[in-house]
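Worksheet: the structure to be examined is printed underneath.
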Amino acid sequence: MLPDYSDSPVLAGVVAQGLLPSKRDCYLLAQTVLRGFASWFCSRPAWTVGEASATLRKRYIDIQESYDGVAVIHRGCIEDYFTEGGHLGRGGFGTVCRVEPTGQGLSRFKPLSPGIAYAMKRVKLPNRDTELESLSKSFVNIPMSRMLEFLQALGEERATREHVTRNLLRVLDMPQSMYIVMNLLEGPTLQGWMTAMKTAVPERTCADLAQQMLSAVHYLHRVAGAVHRDVKPDNFGFVRTVRNIDQPGNVQLFDMGLAWVLPEKIQESTATNLHDVAPGGTLRWLSPEAWCGLCGACSDVWGVGLIVHTLLVGDMPFGLRKLEEEVQVRNAVFKSKLNLSTSIWRRVSAQARKFVDQLLAKDVAARATTTAALRHSFIREENVPPSWSSRACTENVPPSPQSPKVCTQKCGGFFPRVGRRSIYFHAVD
Ligand SMILES: Nc1ncnc2c1ncn2[C@@H]1O[C@H](COP(=O)(O)OP(=O)(O)OP(=O)(O)O)[C@@H](O)[C@H]1O
């Protein structure tokens, strides 16, 4: 639709006075109309639902025929199916709340069970192709069968055992929103837990958490056939409330918002392959290859490596914690060397150091695959010392300027809270 220019001052003045327009008025009028047309023409793609966005909607509509985990409803009647029971969190892409299915919800959506509370995330469906770029463009490009395999893998009970939050249902509320119904994580996020920690984590606990995180990304790569692209402590959550630092319990990987579904599931032989993807992730948690617009299974391994480094010594490598600017972070990732021989690291076992070194190899060919990492002696419990990894080093970790509340007021905070929000950004060449 063309914009309405009838309220343009030139035209309004001419019409109001009942005068014939002068040559100058005609000239101004023509200019206004031309300018209006030009701006309409330039902004046109932003007004239309792009082809890719429309394809995505159509794919979900088609898939509901063959898969119980996808359903389409119209005109905002989600409240008929779910009762909201409190806000759980908000991210850059949506809000999450606790819900329980109503009787109507239970009879309409097969994957749900009575008497169980779930987490439900509301995401705005992309209206433009530009928004789709960083979100789920891969959904549009892969064959339908792969999209279905991905959704099914996230919906299986096995996902829970492999430390991935189970996505039971995607409800498309046309045309605006999508609701993702997941198993409810009752404990804090890994970042929340780390931030509230008064002291360092025992090495054995670090190994246990590392095993769970690797198992999650391994499942996503090998069974669902996707790369997560946003592995960070904010995207792991404890299934239950944490009571014991030695055995904090099970964590699960959630937030598949940036997951990139690949045409083929990843195997050991393709675990170091890199794919050309739309850039996306969280600044300090980006792998070296992500800065070049590339991504693969190894990029998620890098994310786990950063988390394990932080768990073991209370700080991120390469001085990342203190960096704010995109260019500084990029330089640190490319130019700073991984230093595992500082005084704080000398308190950590040799196998833990080797493990971190292999996960944070900048060259993807040298970086451990998930299979190799899961077989590492650090992960195997009998080899991990039960000692505190670096108990005496709390004073070396200044409170993060980004979380003064948690770090300074509550407990002095051992772990920094850094770089929380997922972003789309343009990688520099
Ligand atoms: N299954 C769940 N159970 C309990 N809480 C959850 C669950 N999923 C998400 N949350 C809460 O909601 C918050 C936001 O969720 P999520 O990270 O998926 O949103 P996002 O928009 O993708 O965020 P980000 O910008 O960090 O990528 C989380 O930090 C967490 O606290």
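The values are calculated or read from the model by the stated rules, or taken from the named source; none is laboratory data. As the structure is a prediction and not an experimental result, all values here were calculated from the model. Cβ sites come from the backbone with ideal geometry, for glycine too, and all protein chains shown count toward neighbours. Accessible surface is based on the protein model in full, side chains and every heavy atom, while ligands, DNA and RNA are left aside. Shrake-Rupley method; radii C 1.70, N 1.55, O 1.52, S 1.80 Å.
Report yes if some residue within the range 230-243 is in contact with a helix residue (DSSP H, G or I) (Cβ under 9 Å, 6 or more places away or on another chain), surrounded by fewer than 20 Cβ atoms within 10 Å (Cβ to Cβ) and modelled with pLDDT under 95; otherwise report no.
Taking every residue of the range 230-243 in turn, at least one turns out to be in contact with a helix residue (DSSP H, G or I) (Cβ under 9 Å, 6 or more places away or on another chain), surrounded by fewer than 20 Cβ atoms within 10 Å (Cβ to Cβ) and modelled with pLDDT under 95.
Between residues in the range 179-194 that are farther than 15 Å from Glu157 by Cα and residues that are in a helix (DSSP H, G or I) and open to solvent by 20 Å² or more (accessible area, probe 1.4 Å), which pairs lie under 8 Å by C-beta distance while being six or more apart or on different chains?
From residues that are farther than 15 Å from Glu157 by Cα, the pairs are Gly187/Trp193; Pro188/Ala196.
Filter the range 261-284 for residues that are more than 18 Å from the chain's Cα centre (by Cα) and aliphatic (A, V, I, L, M); which is most open to solvent (accessible area, probe 1.4 Å)?
Leu274
From the list Val223, Val201, Val231, Val227, exactly one residue is more than 16 Å from the ligand (Cβ to nearest atom) and closer than 29 Å to Ser145 by Cα. Which is it?
Criteria check complete, one pass: Val223.
Just checking, how many residues over the range 327-369 are open to solvent by 60 Å² or more (accessible area, probe 1.4 Å) and either on the phi > 0 side of the Ramachandran plot or part of a loop (DSSP other than H, G, I, E, B) (or both)?
8
Just to verify a result, which residue in the range 237-255, among those that are part of a strand (DSSP E or B) and touching a residue at least 60 places away in the same chain (Cβ under 8 Å), is nearest to Ser269 (Cα to Cα)?
Leu253
Can you work out which of the residues in the range 87-116 that are β-branched (Val, Ile, Thr) and within 16 Å of the ligand (Cβ to nearest atom) is least open to solvent (accessible area, probe 1.4 Å)?
Here the residue is Val99.
Which pairs turn up if I take residues in the range 300-323 that are without any contact (Cβ under 8 Å) to a residue 24 or more places away in the chain and look for partners that are of a type outside the set (A, V, I, L, M) with beta carbon separation below 8 Å, at least 6 apart in sequence or on another chain?
That search, which allows pairs on different chains as well, returns Phe318/Ser336; Gly319/Ser336.
Do you know which residues across the range 149-169 are touching a helix residue (DSSP H, G or I) at 6+ places or on another chain (Cβ under 8 Å), open to solvent by 10 Å² or more (accessible area, probe 1.4 Å) and within 15 Å of the ligand (Cβ to nearest atom)?
Hits for the range 149-169 are His163, Arg166, Asn167, Leu168.
Considering only the range 314-326, state which residues are under 21 Å from Pro233 (Cβ atoms) and surrounded by fewer than 24 Cβ atoms within 10 Å (Cβ to Cβ).
Passing the criteria: Asp315, Met316, Pro317, Phe318, Gly319, Leu320, Arg321, Lys322, Leu323, Glu324, Glu326.
Which number in (1) among the basic types (Lys, Arg); (2) away from the ligand (no atom under 16 Å from the Cβ); (3) modelled with pLDDT of 95 or more marks the one condition that Arg128 misses?
Of the numbered conditions (1) among the basic types (Lys, Arg); (2) away from the ligand (no atom under 16 Å from the Cβ); (3) modelled with pLDDT of 95 or more, the odd one out for Arg128 is (3).
Considering every residue within the range 57-76, establish whether at least one is at pLDDT below 95, away from the ligand (no atom under 16 Å from the Cβ), farther than 23 Å from Leu168 by Cβ and assigned to a helix (DSSP H, G or I).
no
So, in the range 188-228, exactly how many residues are open to solvent by less than 20 Å² (accessible area, probe 1.4 Å) and not in a helix (DSSP H, G or I)?
Counting residues in the range 188-228 that are open to solvent by less than 20 Å² (accessible area, probe 1.4 Å) and not in a helix (DSSP H, G or I) gives 8.
Of everything in the range 168-185, what is assigned to a strand (DSSP E or B) and under 24 Å from Ala210 (Cβ atoms)? Give them in sequence order.
Met182, Asn183
So if I check each of Ile180, Ile142, which one is within 16 Å of the ligand (Cβ to nearest atom) and either of a type in the set (Val, Ile, Thr) or open to solvent by 10 Å² or more (accessible area, probe 1.4 Å) (or both)?
Ile180
Taking only pairs six or more apart or across chains, which ones have beta-carbon atoms under 8 Å, a first residue in the range 268-289 that is polar (S, T, N, Q), and a second residue that is within 15 Å of the ligand (Cβ to nearest atom) and open to solvent by 40 Å² or more (accessible area, probe 1.4 Å)?
Thr282/Arg420; Thr282/Arg421; Thr282/Ile423
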